[in-house]
Structure formats: structure tokens, C-alpha cells
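To keep things clear, I will list the structure first and then write my remarks on it.
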Amino acid sequence: MDGDAVAIQDFFVRMLRINAVNPRMGGPGEKERADFLESFMKDNGLSVTRLDVEDSGTPGGVRPNLSAKLEGKDARHALWYISHMDTVPEGSRDLWKTDPFEPTIKGGKIFARGAEDNGQSLVASLFALLTLKKLDVPLPYDVGVWFVADEEFASAYGIKQLLRRRLFKKSDLIVVPDSGSPRGADIEIAEKSLLWMKVTTKGKQVHASLPAKGLNAHRVGMRLATELDETLNAKYRKRNKLFDYPVSSFEPTMKDANVGNVNTIPGIDVFYFDCRVLPAYSLDDVVMDVKKIIKQFERKYHTTIKFEEIGKESAGPSTAEDSDVAILLGRAVSEISGVEPRFVGIGGQTVGNLFRREGIPTVVWSTVDDVPHEPNEYSKIANLINDTKVFAAAPLLGSA
Ligand SMILES: [Zn+2]
């Protein structure tokens with residue numbers, strides 16, 4: 001394996017040179033990088049499935065998704081490593097010490113846009129597959145990779161297309177190596193549901209010296225925000241120790257400016273909540289509670305209050321700690337990385353949730369310093385090689 005480390009690193013550098021910034025973010029998209037990957041995979045004896053999704057506004061007119069797999073004894077299910085080809089833009093060039101599209105190796109790290117997110121895992125999973133092919137050992141089940149488009153925007157031309165085409169089975173084992181921890185101990189198996197709400201209270205704008213003539217929308221808004229804060233935080237109290245913040249959170253966050261001067265009573269007031277809800281709860285129940293409280297306020301203040309969901313992503317069921325995919329990856333991590341795996345949940349959301357929502361057990365794992373989207377993004381070469389070994393070992397360390 002270590003003899004191949006140089007080859008892996010060289011390939012990684014060549015791939016990172018190809019700009020694959022998401023076209024919705026002003027970049028050329030994934031096509032050239034996909035062409036490069038496809039010919040490399042074919043040259044190395046893999047049979048490649050390519051799914052080009054039409055996207056007329058982009059260079060090349062399509063958004064590519066690539067896959068290859070090795071066949072195992074039990075064809076009823078497959079272990080899939082799923083990573084994305086697109087990246088975010090480099091951001092301000094002034095903040096980069098090196099050219100973001102000319103990978104630079106320094107101190108055991110490769111600096112380039114997309115090195116960590118998600119290039120490292122893409123290359124690691126590809127070389128894990130090639131390693132398994134070369135070893136020519138019997139696999140317990142099919143093992144494959146998908147390299148998808150559009151993860152950085154909305155996955156509409158990537159994973160969502162694959163799921164719509166039913167390319168995965170409920171019995172498949174999904175690994176999404178697109179987030180992780182510096183020692184590789186954290187295996188993410190759960191995510192919270194996300195709800196962003198915008199609440200607009202209406203009042204009647206008047207001079208501040210004559211409050212009785214109007215209705216202070218800001219006062220109504222403050223009282224309503226306080227009521228929502230207290231009621232929701234008091235009601236949704238279940239704990240889940242997988243999460244660093246082990247309960248659901250309901251946080252009043254942003255406020256729109258109302259009036260431009262101190263001596264006017266605002267006739268309109270807008271506040272926002274960021275809610276992150278444990279998968280044990282349904283977001284619909286939360287929304288129902290919010291609407292009930294809003295109704296009470298409308299009656300009490302004889303006014304109208306507008307409620308909008310400006311972001312809503314329900315979490316799928318958590319992946320069980322004793323599911324096949326969690327066990328198998330945990331075993332590989334402890335064997336290869338030499339760390340005690342720890343199952344965790346996160347308050348944010350990854351594309352892993354799209355699979356969980358389909359009822360497919362999914363783990364999110366990689367060994368990274370967590371510098372995605374930053375200037376001077378990098379991948380540690382030691383992590384690249386370690387994760388290649390983990391991905392290759394996972395299907396070989398006992399059956400799922
Ligand atoms: Zn990513």
C-alpha cells in the first residue's frame with residue numbers, strides 16, 4: 001500500500017488542478033473533472049456508469065455523476081462510498097497563500113480549493129476500490145463508489161437524481177465521507193431536523209408620544225418571541241447523548257430593522273428563529289405549536305401575524321449504532337486508524353440525511369481537520385492514505 005502512496009498523491013494533485021467550482025456559484029462545474037476521473041477509472045480496468053443530468057445553463061450542458069463497483073458474493077446489497085466532485089469558489093484570493101487551483105504540497109499537506117471538501121475522500125474511496133480490485137479477494141457484497149455533482153448547492157443534479165432513480169436499496173450500506181474529525185474517531189450517525197422561521201407582526205405605526213393611537217408591532221413581536229422561546233424549549237425536552245448539544249434548540253436569532261428613528265412606534269416587526277430538533281420529534285408538531293401560539297396572540301392583540309418557514313429539512317431516523325454499516329466502519333476505524341470510534345450526532349445537516357430519509361442506514365465519516373470552504377483549505381496526506389486504507393479494509397473485516 002505505502003508504495004502506492006506517491007501515486008495516490010500525484011493523482012490527487014492532478015485532479016485538484018481541474019477547477020470544479022459549482023456552476024451555480026459562478027464556476028465551470030464538474031464536467032472536466034468528471035471526464036478526467038472517468039478516463040482514469042477506465043484506464044484502470046473499472047467499468048464506469050455515468051449519469052449526465054441535463055442542466056442547459058452550465059458549460060457542457062450537463063452535470064455528471066460517476067460510479068463504479070466491484071461485485072461481491074451477496075449481490076443483494078452493496079457498500080457505497082459517496083463523495084462529491086464540485087467545490088465552492090476560492091473566495092478572496094488575497095487570503096490564499098498559494099494558488100487555490102495549483103495544488104501546493106507543504107509540511108505533509110496539500111493546499112488547494114476542494115482538497116478536504118471533498119477531494120480527499122473522493123480519491124481515497126477511488127484508490128480503496130482499485131486496491132480491492134488489485135487484491136482480487138472475495139468481497140462479502142458489492143463495493144462501489146459514486147462521485148456526484150452539485151453537493152455544494154442543493155444536490156438537485158447529484159444525489160437527489162440518484163435517489164429519484166432508485167439506484168440504492170434499503171439494505172445498502174452508505175458511507176458519506178464528507179465531514180469528520182481530526183483523529184477520525186467520530187462516526188456521525190444522526191442529524192437534527194432544521195427549521196428556520198420568520199415571523200412578521202403587524203401593528204399600527206404612530207408617533208412615540210401617542211402610543212394609544214397605534215399598536216406597537218415590536219412589543220407584540222418581543223412578547224411573541226419570548227413566548228415561543230419558553231414554550232418550545234420547555235416542551236421539547238428529550239435528550240440524546242449522541243449530540244454535543246443533547247437537546248433540541250429553539251433560538252431567536254436575526255431581527256429585521258423596523259423604523260429608522262427612535263421616536264416612531266413600529267407598525268411592522270420581523271424576527272427569526274433557528275430551530276434544531278432531535279430526530280425523535282416531528283417538525284410538523286413544532287410548527288403546529290407555533291401556529292397555535294400565533295393564533296392566541298392575534299386574538300389578544302387584534303392583529304395579524306404572518307408565519308413563514310424559510311428553511312425546513314426534516315431529519316431521517318438516526319442510523320443505529322448496531323447497524324451493519326456502523327459496525328463495519330467502526331471496526332475499520334479502530335483497526336486501521338487505531339482510535340476508539342465514537343458515535344455522534346450533529347446539529348447541522350449533510351447529504352447523509354437524504355439517504356436516512358429514504359430509510360437507508362448511513363454513516364458520515366472521514367479524517368479531516370475540518371477546514372472546508374476556508375482559504376488555504378488543505379488535506380493532510382497522512383489522512384488521505386489512512387482513509388484509503390480504512391475504506392479498503394471495511395468490507396474485508398468480517399461480514400455485515
Ligand atoms: Zn462537502
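Taken over segment 89-98, the criterion of being of a type in the set (Phe, Trp, Tyr) and not in a loop (DSSP other than H, G, I, E, B) is satisfied by no residue.
On the basis of being over 19 Å from the mean Cα position of the chain (by Cα) and buried (at least 16 other Cβ atoms within 10 Å of the Cβ), does residue 346 make the cut? Break it down into steps so the answer makes sense when it comes.
Details: over 19 Å from the mean Cα position of the chain (by Cα): no; buried (at least 16 other Cβ atoms within 10 Å of the Cβ): yes.
No.
Can you find a residue in segment 81-102 that is more than 14 Å from the ligand (Cβ to nearest atom), within 24 Å of residue 44 (Cα to Cα) and not acidic (Asp, Glu)? No.
So which strands (runs of 3 or more DSSP E) stay within segment 31-88 end to end and still have 3 or more residues that are open to solvent by 60 Å² or more (accessible area, probe 1.4 Å) and at pLDDT 95 or above?
Values: elements: 48-54, 62-70, 74-84.
The strands (runs of 3 or more DSSP E) meeting that bar are 48-54.
When residues in segment 147-188 are screened for being within 18 Å of residue 346 (Cβ to Cβ), open to solvent by 20 Å² or more (accessible area, probe 1.4 Å), assigned to a loop (DSSP other than H, G, I, E, B) and away from the ligand (no atom under 15 Å from the Cβ), 2 of them pass. Of the listed requirements (1) among the polar types (S, T, N, Q); (2) within 16 Å of the ligand (Cβ to nearest atom); (3) open to solvent by 10 Å² or more (accessible area, probe 1.4 Å), residue 118 misses just one: (3). Scanning for something within 30 Å of residue 360 (Cα to Cα) and not small (Gly, Ala, Ser), does segment 295-309 turn up at least one residue? Yes, some residue in segment 295-309 is within 30 Å of residue 360 (Cα to Cα) and not small (Gly, Ala, Ser). Looking across 309, 298, one residue alone is away from the ligand (no atom under 16 Å from the Cβ), over 20 Å from the mean Cα position of the chain (by Cα) and not in a helix (DSSP H, G or I). It is 309. Residues in segment 288-302 that are open to solvent by less than 80 Å² (accessible area, probe 1.4 Å) and out of contact with any Phe, Trp or Tyr (no Cβ under 8 Å at 6 or more places or on another chain): 289, 293, 297, 298, 301. Please state which of the following conditions residue 154 fails to meet, knowing it meets all the rest: (1) modelled with pLDDT of 95 or more; (2) within 20 Å of residue 59 (Cβ to Cβ); (3) among the aliphatic types (A, V, I, L, M). Result: residue 154 fails condition (1) only. Would segment 352-369 turn up any residue that is surrounded by fewer than 19 Cβ atoms within 10 Å (Cβ to Cβ) and more than 19 Å from residue 80 (Cα to Cα)? Checked against the condition, which is being surrounded by fewer than 19 Cβ atoms within 10 Å (Cβ to Cβ) and more than 19 Å from residue 80 (Cα to Cα), segment 352-369 yields at least one hit. Check whether at least one residue in segment 338-353 is among the hydrophobic types (A, V, I, L, M, F, W, C) and within 16 Å of the ligand (Cβ to nearest atom), and report yes or no. So far as segment 338-353 goes, yes, one or more of its residues are among the hydrophobic types (A, V, I, L, M, F, W, C) and within 16 Å of the ligand (Cβ to nearest atom).
The values are calculated or read from the model by the stated rules, or taken from the named source; none is laboratory data. Here the structure is a predicted model, which means the values were calculated and not measured. Here the Cβ is made from the backbone with ideal geometry for all residues, glycine too, and neighbour counts use every protein chain on show. When the accessible area is computed, the model is the full protein with side chains, heavy atoms only, and any ligands, DNA or RNA have been set aside. Shrake-Rupley method; radii C 1.70, N 1.55, O 1.52, S 1.80 Å.
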